[in-house]
Amino acid sequence: MSQDRWFHRRGTLARDGWQSRVDDTLPGWQHTGLDVADLTDQAVLPLDRTGVERIVVPLAGSFTVSHQVDGVAGETRLAGRRSVFAGPTDVLYLPAGSTGTITGTGRVAVATSPTTEVRPLRHVAAADTPVELRGAGAASRQVHNFGTPGTLDAARLIVCEVITPAGNWSSYPAHKHDDHVPGHESRLEEIYYFEAAPEAGAEVDHESAFGLFSSYSSPAGEIEINAMVRTGDIALVPYGYHGPAVAAPGYDLYYLNVMAGPDPERAWLITDDPAHAWVRGTWPDQPVDPRLPYRDEE
């Protein structure tokens, strides 16, 4: 089974001035989108698609978003960060029906989901972003929940980012969210956008940094991804079990998750692979990795 349909190397989805563009023009994809670009101080990126809500996420650098929301012009400065490994960033939620432009210097991501429901524009400050330390032991990771239901009032989008220290596993145990079981599991497409870097203090080439990512089939559909992932790579998970995402020893791993689906409720409800669900029960007896919470100290 080929993984080419659901796994894309950096730049292979380039379009319209974006380094990567995921949207409903891809066969079999309909509920989520992601645009990623590297900007210089001369570049202007248009946010001109209609019928989508958006979250603008600085990956590295600072940006200004000029926007038109319900006929009202405004401008929001995103302070951003030095890199995805430098802690949470501030983000901007733009409701359906809005348009705008992005200017600045660095790398930026824009998560999208088609909807006609309008929610309020919101600037979520880095200091207001809940930081969750999930798992324990070698399954410890750090989650920034700036776009999850408990933090942001969005119509459909559920967005967060995860940092996995070198040698650790995340998105583990493997789990799925492709069946509508009220109160237990929700149907959500999911995008993984990856970045990798040498762990703090290592003086090696950033281009060498990598991690691993897997997905496999469930009753909802056949899928198989077993990939070495590097900065800029994207995995699409329309259904099936997914995980682990593994940070190779010596290299930290980051991923941005973008989720949305057809269910009436906006909720992240998952079912672990029954073969590996028991692993969660071992976490209370293990400490969280002392490298977390993660801050890049350069």
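The values are calculated or read from the model by the stated rules, or taken from the named source; none is laboratory data. Please read these numbers as outputs of a predicted model, since none were measured by experiment. Virtual Cβ from ideal backbone geometry, glycine too; neighbours counted across all protein chains shown.
Of note:
- Take the conditions (1) part of a loop (DSSP other than H, G, I, E, B); (2) crowded, with 22+ Cβ neighbours inside 10 Å; (3) in contact with a Ser or Thr (Cβ under 7 Å, 6 or more places away or on another chain); SER113 misses just one of them, which is (1).
- Residue list for segment 67-89, restricted to those being without any contact (Cβ under 8 Å) to a residue 12 or more places away in the chain and out of contact with any Ser or Thr (no Cβ under 9 Å at 6 or more places or on another chain): GLY71, VAL72
- Residue match in segment 254-272 (condition: touching a Pro at 6+ places or on another chain (Cβ under 6 Å), closer than 18 Å to ALA139 by Cα and surrounded by fewer than 22 Cβ atoms within 10 Å (Cβ to Cβ)): yes
- Unmet criterion (only one of (1) touching a Leu at 6+ places or on another chain (Cβ under 9 Å); (2) assigned to a strand (DSSP E or B)) for ALA60: (1)
- In segment 218-256, the residues that are of a type in the set (Asp, Glu), assigned to a strand (DSSP E or B) and closer than 14 Å to HIS8 by Cα: GLU224
- When the test is whether a residue is of a type in the set (Asp, Glu) and at pLDDT 95 or above, ASP48 does not pass it.
- Restricting attention to segment 137-181 and to residues that are in contact with a strand residue (DSSP E or B) (Cβ under 8 Å, 6 or more places away or on another chain) and on the phi > 0 side of the Ramachandran plot, the residue that is surrounded by the fewest Cβ atoms within 10 Å (Cβ to Cβ) turns out to be GLY167.
- The residues of segment 235-275 that are aliphatic (A, V, I, L, M) and either farther than 21 Å from PRO182 by Cβ or touching a Gly at 6+ places or on another chain (Cβ under 8 Å) (or both), listed by number, are ALA235, LEU236, VAL237, ALA245, VAL246, ALA247, ALA248, LEU253, LEU256, VAL258, LEU269, ALA275.
- Test: residue in segment 275-282 that is surrounded by fewer than 18 Cβ atoms within 10 Å (Cβ to Cβ) and among the basic types (Lys, Arg): yes
- Condition check for TYR294: in contact (Cβ under 8 Å) with a residue 12 or more places away in the chain, part of a strand (DSSP E or B) and buried (at least 18 other Cβ atoms within 10 Å of the Cβ): no
- All told, GLU75 meets the bar of being exposed (fewer than 15 other Cβ atoms within 10 Å of the Cβ), part of a strand (DSSP E or B) and among the charged types (D, E, K, R).
- Positions within segment 4-59 being without any contact (Cβ under 8 Å) to a residue 12 or more places away in the chain and either over 23 Å from GLY80 (Cβ atoms) or small (Gly, Ala, Ser) (or both), in sequence order: ASP4, THR12, ALA14, ARG15, THR25
- Within the span defined as segment 187-196, one or more residues are outside any strand (DSSP E or B), out of contact with any strand residue (DSSP E or B) (no Cβ under 9 Å at 6 or more places or on another chain) and closer than 19 Å to CYS160 by Cα.
- Search result, residues across segment 126-151 that are in contact (Cβ under 8 Å) with a residue 60 or more places away in the chain and part of a loop (DSSP other than H, G, I, E, B): GLY135, ALA136, SER140, THR148, PRO149
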